[in-house]
Structures are given as C-alpha cells and as structure tokens.
Amino acid sequence: MPVPWFLLSLALGRSPMVLPLERLVGPQDTARCSPGLSCHLWDGDVLCLPGSIVSAPGPVLVPTRLQTELVLRCYQETDCDLCVRVAIHLAVHGHWEEPKGEEKFGGAADPELEESRNAFLQAQVVLSFQAYPTARCVLLEVQVPAALVQPGQSVGSVVFDCFEAALGAEVRIWSYTQPRYQKELNLTQHLPDCKGLEVRDSIQSCWALPWLNVSADGDDVHLVLDVSEDQRFGLSLYWNQVQGPTKPWWHRNLTGPQTITLNHTDLFPCLCIQFLFQVWPLEPDSVRTSICPFREDPRAHRNLWRAARLQLLPPRGWRLDAPCSLPAEATLCWQAPGGGPCQSLVPPLPPANVTVNKALELPLLNVHPNLCVQQVSSWEKLQLQECLWVDSLGPLKDDMLLVETRDPHNNRSLCALEPSGCTPLLSRASTRAARLGEQLLQDLQSGQCLQLWDDDLRALWACPMDKYVHQRWALVWLACLLFVAVLFLLFLFRKDQVKGWLRLLKEDIRAGRKSATRGRAALLLYSAEDSGFERLVSALASALCQLPLRVAVDLWSRRELSAQGPLAWFHAQRRQTLQEGGVVVLLFSPGAVVLCREWLQDGASTPAPQGPHDAFAASLSCVLPDFLQGRAPGRYVGAYFDGLLHSDAVPALFRSVPVFSLPSQLPGFLGTLQEPGDPRPGLLRERARLVSQALQPALDQLLKAPGDPGDPEDGTRDGT
C-alpha cells in the first residue's frame, strides 16, 4: 500500500489567515501616480527587451523598489480573477554638471543649464510579468519637474493595475527603464489559493477545485486527483524556472478521478502541476490553478544536482545546464596532477550564485589546464567539479602556481600554492617551492611564467616545473651510469675474484633453498580435552620443532589467542601456513570426533568453542568446507594417537587426506610433512625414532591416568 507522503490541496494556501481583497471592475489596465508625478500607460503590451546598461547623461529617474498587492478583477459579481497590483518606487539617479568659469565666481549662469533645471525628468519604465504559461510587458511613462528633486532623492511611486495570475502560481516581476541605466529590479512571489483568500464566492475556479494527494510507493510517486466523475480538466506538468521561460513537460486532457504515477527520478524542485478545467460545461472559458509540491523534497534536490552538467566554453567562458535554478556556489580552483583536492583560488573568483543555462565569463587573462570550475550545493554540500579545458589544452601540468600580493605602496610578496597552503618564496620551509624559491623568482622576472589573472592588489602566475624535474632525473641517470661503469672496470681488473664471488653467491642461493625446504611450516589443530592431552600435543610439537619444521600451535600463542579470539587467530595462522606451502595437521581425539559429527549433523552450523583457547572448535567452519569442496588434499594431514582412537572412528570425510596413527606410523607421517625429495629414507627413520622417544612417555602417562577420556573403563578409548 502506498505510504502517505503529504496531503496537499489546490485549495490549501500558504498563509493560515483569510484575506479580503479589493475589487477592480472591468478588464482595462490602469496606472496612477503619487502626488508630484505624472504618468501615462501605453496601450497594449510591448516587447521585453532590457538591452545593455548605458551611462546616464545626467539626472534620470530609475526604479528602486517593487511592491505587490493582490486584488480581484471582476467582470460580474461572481466572476472574478486573481490579479497582482505592482507599485514601482522611483528615485533620481545621476548629477547635473557643475557650473564652470565665471559662474563659480559669481558670474552669469549658463542659460542652457538653467533651462535643464526648469525642465522635467522623464523616464520610460518597463514592467515585465511572468507566470506560467503567460508573459507580459507594459510600458509606463513617468515625469517629474527637475526643480523639485535632488540626486538620490525618492520622488514617489507609480501603481499599475494589474497582472492576472492563476491561483497558487509562482509569479516573477522585473522592472527597468528604456534605456537601462542600472541592473533591473526583480521580485518572485508565490500566490495563495482559495483557502488563503476570501474569494470562494467570487472566483468560479474555487467552486470545484480538485484535491491532490501526493504519496510515495517505493520508487514511484502517485498524484491522486479527487474530482467529480463528470469533471473535465487538463493536467500539465512543467518546469517553473526562475531564469528563463518555463518548460512544458507533460499534458493530458482528463475526466473524473485520476492517478498519475511518476518515477522518483522525475522529481525536481521546480516541477509544478497546473490544472486547466471548465467550471461550466457549456462555457468555453477555462480557469487555471498551479502548485509546486516538490520544492523542499530532498530527493528532488538530489535529482537536480545529478542532472546538472557543467560546460567550459572557449576561450574563457562556462555554463551550468540544469532543469531548475541550482542552489549552489561556484569558484575557480587549481587542480595539481597526481590527485588531491582542488584548491580554491580566493579572492580571484569569490563564490557567487550560479546562474543556470547562461554563459558566464571568467575573469582570466589566460587559461590553463589545471584551472577548474568547482560548484558546491547549498542543499547537502555536494560537489561538482570539471576541468574540461584539459580536452583542448592537454593533460594537467606540473606547474607551480604563484600568488602575488601588492599593498597600496606597491610592495610585492610572493607565495607558492601547495597542498599544505601558500608557501612564501625564499622561506626556510621543507617544501619543493621553498627549495626552488630563488629559481622560481628568476623565472618570474625573466618572463617564463604565464600570467593567469591580475588586478590592482593581486596576480596569479603559473610557472613550469618541467626543467627542474628533468634536472633531477638527469642526476639519477648519471649516478646509475657511473655505478655501472665502476662495476665493469672492477670486473675487468679482478676477473678471477669476481668469478669467486659469483660462485659463492650461487652456493648461498642453493643453501637458502635447502633452508627453506627444511623449514616447512606446520599448523597443529586439536581439541583441548584435558591437561594430559595438551601435554601430549606439546610433546609432539616440541619434537617436530627439532626437525626441519616450523610448528605453530595454540599452546604457544595463548596471549595472541586471548587478544584476537580463536577464530581470528586460526584464520591468520592458516592463511600464513598455506601461503608458505605448509600443511595443516588435524589431531583427532574422541572430543574432536564428537565436534566434527555435531557440525555435520547440524547442517554446517558453527559449533560453540569448548574454551577460551580452543582453536579447533573455532576452525571447523573453515576446515570442513575445504574437505567438502575437495580442496584439502596436499594442504591437510590427519593423525590420531595409538590407544586413544581407532582408525574407524575418524569421520569418512577426513579420509580424503592421509591419516596416520602415532607413534606407530611416524615415518609415513614425517615423510608427508617433508617436501618431496628430502630427506633420505635412512634419515627419515632416524627422525621418526627420535620423535617416538619424545612422544611415548606423555602418551603412556595419559593412558594410565584414572578417569582419563582414554581409560578403557569409560568406553571411549575406541572413540565409541
């Protein structure tokens, strides 16, 4: 079942207050001015062409602030539309030319200057309005007597009635003059809808508004529309962009209740829903209402960030393409070769708000492959970085970036940008820039560095480091050639001694191989039955150590076993033993046989350890799978002690590897532990005799001990 995400209604306003609205009668647009101003509204709409900013020839009127107010434009008592009233506040921008010549000394005033001061200041003010799917521009002519105002003084306001808009829509308003003397003013406003306004009896679209329930079900988002069965309406999904026109995405003409399913990857913060429906079936006029339910949705913001694409445009431009306005900041950074973070270049390009889908210029004198543009999202601190100049300028260079700082007295200081920070040149730091400080300063003074950016107080320089890297490698190669030459001369003058050294080296290699063979690793695993059995295992391990074997047993590693745990200790020892070509020895006892059978009967469930140092119980989860999957031969050897266990008691699974009875089958057991070809048969029998002598006393003591697991009276000697 879908989980309710949040419940929205197209009749749910942003403000909990219910506001009464002023009514305007008739469809005509009007304009009125504050006292002291005169204004005129041009008939019809005009083209929205802001143009570029020009210098003011003298004092001019410019808009300084925008204010809006919601009103109703009514055609009949119960037939009204929501309308946006706009007030433009104006001020004087610029100055009159100062008097010259004799006027400064009380002479006659310039008649032309007096005439201009007695004239009117006039401005053509453009109002641009945008609300999906409509856009309008109107032109207002405003004038004020020049003698009544001073530069920088506010002169009043002009009120325009009005721009019609849909309930719940997002509207954007711009204002500027023609010609344009400053940056245009802009204002964005989210309009309320029926429940936030006292308009239910005046706006017909509020009589039959559909209810919208947005719910999430896994990766799908459902838009559930609850309307009457015979209600016909149009449903549009569009991207409501702050920068640029809105982009329609999806439209359907529908009737009655509907459920629209979207994938969660389709969600963006600017994705809005607009309803276009007829209030009366016989009337062709339709009403619109809009809502943007995903503005604060984290998934929508993540999708927007993933969809953003950065392009670096030749020669020094860049553009960020995204479906919606991106809440992010952009900055230039320096990417050194070999990885590492891109180091921000501040103050050359301070972080600024990103304008999407618009080409922007970077304040650079020259471009460089190591210069990158980096964006950081203000939503979740996500990061986007592109160094696309690499495609046209080649790979990253091992150049050193120098930052030059100048004070008002033209004193200069230089530092080199490194991962640890900006290192001053000619300093005593142990960095590459400090060691090469004098050479870098000479390169800068001789014009070998490329200037990337410059202003009155700072500059950036990229200095190549290739020649210093080549010098270092040249010294290395020279040392290698010198060493080879010395060896060659030594060989010529002492040829006989060199041959002797080579012969000794060959013998040492052979001796090393034999030593490695004699030192084969063996890991002993057993079940800790009691102290007598542990003494028997200790005696066997000590005897094997006297042979060319390196033995590992948990009895000798209790401290490591306690610190790591039995399972971790066994894993480490088993991996090391097998990697070195060694062998794992399984010593079977009645208790070990019981543990193996329990493990097999329980379906490969790991048996509980019998004690804090019992590596055998902990190792079964790794040992038995090797036998079950056929990986045991050559890596494992089995053994049991005479009088403690019969050969038939050893589980059949473990008979895929050699299983020996000790000490009666010691020659075969020791031969399996040794590498092939070593030692000779006579030597092997002698070693078996020595091991048997060391093992037999501990075995006899265990068999004679009363109550021992191997005692014949308790029936466990045979493992039954």
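The values are calculated or read from the model by the stated rules, or taken from the named source; none is laboratory data. Source: prediction; values computed, not measured. Positions of Cβ are generated from backbone atoms using ideal geometry, with glycine treated the same way; all protein chains shown enter the neighbour counts. With ligands, DNA and RNA removed, areas are computed over all heavy atoms of the protein, side chains included. Shrake-Rupley method; radii C 1.70, N 1.55, O 1.52, S 1.80 Å.
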For this session: Consider residue 3 carefully, then state whether it is under 30 Å from residue 292 (Cα atoms) and modelled with pLDDT of 80 or more.
Result: no
Problem set entry | Test: residue 85 is at pLDDT 85 or above, open to solvent by less than 20 Å² (accessible area, probe 1.4 Å) and either among the β-branched types (Val, Ile, Thr) or in a strand (DSSP E or B) (or both) | yes
Problem set entry | Breaking point among (1) farther than 30 Å from residue 418 by Cβ; (2) open to solvent by 10 Å² or more (accessible area, probe 1.4 Å); (3) modelled with pLDDT under 85, for residue 265 | (3)
Problem set entry | Only listed residue being aliphatic (A, V, I, L, M), surrounded by fewer than 16 Cβ atoms within 10 Å (Cβ to Cβ) and modelled with pLDDT of 85 or more, chosen from 572, 552 | 572
Exercise. Could you count how many residues in segment 307-327 are in contact with a Phe, Trp or Tyr (Cβ under 8 Å, 6 or more places away or on another chain) and in a strand (DSSP E or B)?
Worked result: 3
For this session: Within segment 524-576, count every residue that is more than 18 Å from residue 702 (Cβ to Cβ), touching a strand residue (DSSP E or B) at 6+ places or on another chain (Cβ under 6 Å), outside any helix (DSSP H, G or I) and free of Cβ contacts under 8 Å to residues at least 40 places away in the same chain.
Result: 3
For this session: Inspect segment 654-668 for any residue being in contact with a Ser or Thr (Cβ under 6 Å, 6 or more places away or on another chain) and open to solvent by less than 10 Å² (accessible area, probe 1.4 Å) and give the result as yes or no.
Result: yes
Seminar exercise, completed: A careful count of residues in segment 622-679 that are part of a helix (DSSP H, G or I), of a type in the set (A, V, I, L, M) and in contact (Cβ under 8 Å) with a residue 12 or more places away in the chain gives 8
Exercise. Do we have any residue at all in segment 59-68 that's in contact (Cβ under 8 Å) with a residue 24 or more places away in the chain and not in a strand (DSSP E or B)?
Worked result: yes
Seminar exercise, completed: Those residues of segment 577-602 which are among the β-branched types (Val, Ile, Thr), in contact with a strand residue (DSSP E or B) (Cβ under 7 Å, 6 or more places away or on another chain) and touching a residue at least 60 places away in the same chain (Cβ under 8 Å) amount to 583, 584, 585
For this session: Looking only at segment 12-24, decide whether some residue is in a strand (DSSP E or B), at pLDDT below 55 and out of contact with any Pro (no Cβ under 8 Å at 6 or more places or on another chain).
Result: no
Problem set entry | residue 76 open to solvent by 80 Å² or more (accessible area, probe 1.4 Å), at pLDDT 85 or above and out of contact with any Asp or Glu (no Cβ under 6 Å at 6 or more places or on another chain) | no
Exercise. Quick one: in segment 669-685, which of the residues that are at pLDDT 85 or above and open to solvent by 20 Å² or more (accessible area, probe 1.4 Å) is farthest from residue 624 (Cα to Cα)?
Worked result: 671
Exercise. Looking at (1) modelled with pLDDT under 75; (2) open to solvent by 70 Å² or more (accessible area, probe 1.4 Å); (3) closer than 22 Å to residue 56 by Cα; (4) not in a loop (DSSP other than H, G, I, E, B), which is the only condition residue 102 fails?
Worked result: (3)
For this session: For residues that are part of a helix (DSSP H, G or I) and open to solvent by 70 Å² or more (accessible area, probe 1.4 Å), scanning just segment 425-453, find the one that is farthest from residue 463 (Cα to Cα).
Result: 435
For this session: Sort out which residues of segment 157-170 are modelled with pLDDT under 90 and crowded, with 21+ Cβ neighbours inside 10 Å, and write them in order of number.
Result: 165, 166, 167, 168, 169, 170
Problem set entry | Filtered residue count, segment 120-172, keeping only those that are in a strand (DSSP E or B) and not hydrophobic (A, V, I, L, M, F, W, C) | 16
Exercise. Between residues in segment 217-244 that are modelled with pLDDT under 80 and part of a strand (DSSP E or B) and residues that are open to solvent by 50 Å² or more (accessible area, probe 1.4 Å) and hydroxyl-bearing (Ser, Thr, Tyr), which pairs lie under 6 Å by C-beta distance while being six or more apart or on different chains?
Worked result: 232/255
For this session: Answer yes if at least one residue in segment 141-156 is β-branched (Val, Ile, Thr), open to solvent by 10 Å² or more (accessible area, probe 1.4 Å) and either touching a residue at least 40 places away in the same chain (Cβ under 8 Å) or at positive phi (or both), and no otherwise.
Result: yes
Exercise. Does segment 268-293 hold any residues that are at pLDDT 85 or above and of a type in the set (A, V, I, L, M), and which are they?
Worked result: 271
